[in-house]
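The values are calculated or read from the model by the stated rules, or taken from the named source; none is laboratory data. Here the structure is a predicted model, which means the values were calculated and not measured. In this analysis, Cβ positions are derived from the backbone assuming ideal geometry, glycine residues included, and neighbour counts consider all displayed protein chains. For the accessible areas, the whole protein counts, side chains as well, though only heavy atoms, and no ligand, DNA or RNA atoms are used. Shrake-Rupley method; radii C 1.70, N 1.55, O 1.52, S 1.80 Å.
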Amino acid sequence: MDEALVRQLTPGVLGVLVRRGADFAAAEDAVQDALVEAIRVWPVDPPRDAKGWLVTVAWRKFLDATKAATARRQREDHVDAPQGPVPDVDDTLQLYFLCAHPSLTPSSAVALTLRAVGGLTTRQIAQAYLVPEATMAQRISRAKRTVAEVRFDQPGDVATVLRVLYLVFNEGYSGDVDLAAEAIRLTRQLAGVIDHPEVAGLLALMLLHHARRASRTAADGSLVPLADQDRGRWDTAMITEGVAILQAALARDHLGEFQAQAAIAALHADAPTAAETDWPQIVEWYDELAQLTANPVVRLNRAVAVGEADGPHAGLAALSTIDPALPRYTAVAAHLHERTGDLATAARLYAEAARAAPNLPERDHLTRQAARLNSQLPR
Amino acid sequence: MAKYLMLKHYRGAPNAVNDVPMDQWTPEEITAHFDYMNDFAARLEQTGEFVESQALAPDGVFVRFDGEGRPPVTDGPFAETKDLVAGWMVIDVDSYERALELAGELSAAPGAGGRPIHEWLELRPFLGCHSPVTGG
């Protein structure tokens, strides 16, 4: 059976239940139950109308649960809505807004989005985030309680939805769920229900990064920096798609952070070799990006680009205006010092950066850089 | 989200404010202490922030490879070892500030006289297993 199809139908089925009068939390539980049943039943007894099947089963699960909960209060009349044809209204966008509601913490919004919009099971989400299933189940119930009073038809903020999807994308891959691919699927689905240049920008950004995934890590799991990646392993079809989506978005002249980031990713993707990268144009895009966001990481990345465009001394001058406490500052300083030929300083800074690295692959990469330079230095 | 380890030490941490060994507490004070710890873990599960909790026996040995064909060498236990870990709790939280807040609450577990122990807990961030996709 096609698990991707089931997941894709999830928000639509949930929307139908909510429109029929089910409250969001109960409807979401019922849809999750229906998904689990679909996974069990469909391989031996595939439905002709997958969405209709899911709506019928989810509605029955909802009624069963509600009747059990309200038997004493005799409220069946209220919830026993007619089982007419599935209304042709797409509530997917409302679901994205609800699951990324500003009252939720980032981790709650991520978990709720993956379950209610993404159709992942609690177990899959727990595995992907390396927490016990019971903890993830509580995180999701709590998130649902937090948004219980939010009106379903209330307009939401696209920017918060995009931040949630960006977080999911950056989690990469752990457990049996490919979160980066899932983030792309959810962003693509969002782009199908709302016409917004930043949604397109984020989708383009994800595609352009995802296209390089195979080349980003070596067989032993170590990081391969952009300059050393085997560009023959980049997914050119995905790059082409990302560039086309980005160009259409940029043509609408409503520049945003994700479009600018995607433009930078596109310039990297466009270069046949690292040496042919259009660094001056990348610096210009970082200048644009700095106008759009106060995020200091942008200035750090700009210093790297300046170092490539105008030489390492210019890069170090750009770096000198940035707060050294910023994560990865020391790694950038190490790289620029190496380019100036000051290998001793670079080696010392790489080792220092490794000690402060926020994750294992970066720490190991920086340690190797320090070791590479130290082995070239006179003892 | 980030995972943090809250480490409890038998030895090696600065002295707690209410620093009375547990064998000198009343049985009720001991019960109150463990109830507090269990409630704390249960509450973190409710908030979706609990990952795991373990306690360690104080006695351990050092072990090392001693060459092909030879059994590993053991040494210890060392009664004088300065740093001795007693156990840990792993949490998964939205911010460093939240991790600090939780470590503070755990340190307030009641001890002798039913008063908070004010035990020093070591808070250590986990190194993630992957680097962000948009980083390179």
Which residue is farthest from the other protein chains (Cβ to nearest Cβ), if the candidates are limited to segment A:96-106 and must be closer than 18 Å to A:Arg142 by Cβ and either open to solvent by less than 10 Å² (accessible area, probe 1.4 Å) or in contact (Cβ under 8 Å) with a residue 60 or more places away in the chain (or both)?
A:Leu98
Would you please list the contacts, defined by Cβ atoms under 7 Å and residues six or more apart or on different chains, that run from a residue in segment A:199-224 that is within 11 Å of another protein chain (Cβ to nearest Cβ) to a residue that is in a loop (DSSP other than H, G, I, E, B) and among the polar types (S, T, N, Q)?
A:Arg212/A:Gln229; A:Ser215/A:Gln229; A:Arg216/A:Gln229; A:Leu223/B:Ser131
In this structure, does B:Pro58 turn out to be within 19 Å of the chain's Cα centre (by Cα), away from chain A (no Cβ under 14 Å) and loosely packed, with under 11 Cβ neighbours inside 10 Å?
no
Among the residues of segment A:30-43, which ones are under 24 Å from the mean Cα position of the chain (by Cα) and either surrounded by 24 or more Cβ atoms within 10 Å (Cβ to Cβ) or not aliphatic (A, V, I, L, M) (or both)?
A:Val31, A:Gln32
Can you name every residue in segment B:1-17 that is surrounded by 16 or more Cβ atoms within 10 Å (Cβ to Cβ) and not small (Gly, Ala, Ser)?
B:Met1, B:Lys3, B:Tyr4, B:Leu5, B:Met6, B:Leu7, B:Lys8, B:His9
All positions within segment A:122-142 that are open to solvent by 30 Å² or more (accessible area, probe 1.4 Å), of a type in the set (D, E, K, R) and either outside any helix (DSSP H, G or I) or within 7 Å of chain B (Cβ to nearest Cβ) (or both)
A:Arg142
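Tell me yes or no: at least one residue of segment A:225-238 is assigned to a helix (DSSP H, G or I), among the charged types (D, E, K, R) and either open to solvent by less than 40 Å² (accessible area, probe 1.4 Å) or away from chain B (no Cβ under 11 Å) (or both).
yes
Conditions tested, residue by residue: (1) at pLDDT 95 or above; (2) at positive phi; (3) crowded, with 16+ Cβ neighbours inside 10 Å.
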{"position": "B:Val93", "(1), (2), (3)": "yes, no, yes"}
{"position": "B:Arg98", "(1), (2), (3)": "yes, no, yes"}
{"position": "B:Glu101", "(1), (2), (3)": "yes, no, no"}
{"position": "B:Gly104", "(1), (2), (3)": "yes, no, no"}
{"position": "B:Ser107", "(1), (2), (3)": "yes, no, yes"}
{"position": "B:Trp120", "(1), (2), (3)": "yes, no, yes"}
{"position": "B:Arg124", "(1), (2), (3)": "yes, no, no"}
{"position": "B:Cys129", "(1), (2), (3)": "no, no, no"}
{"position": "B:Pro132", "(1), (2), (3)": "no, no, yes"}
Report the residue count in segment A:287-329 for those that are outside any loop (DSSP other than H, G, I, E, B) and either open to solvent by 30 Å² or more (accessible area, probe 1.4 Å) or among the aliphatic types (A, V, I, L, M) (or both).
27
Count, please, the residues in segment A:330-360 that happen to be closer than 21 Å to A:Asn170 by Cβ and open to solvent by 30 Å² or more (accessible area, probe 1.4 Å).
3
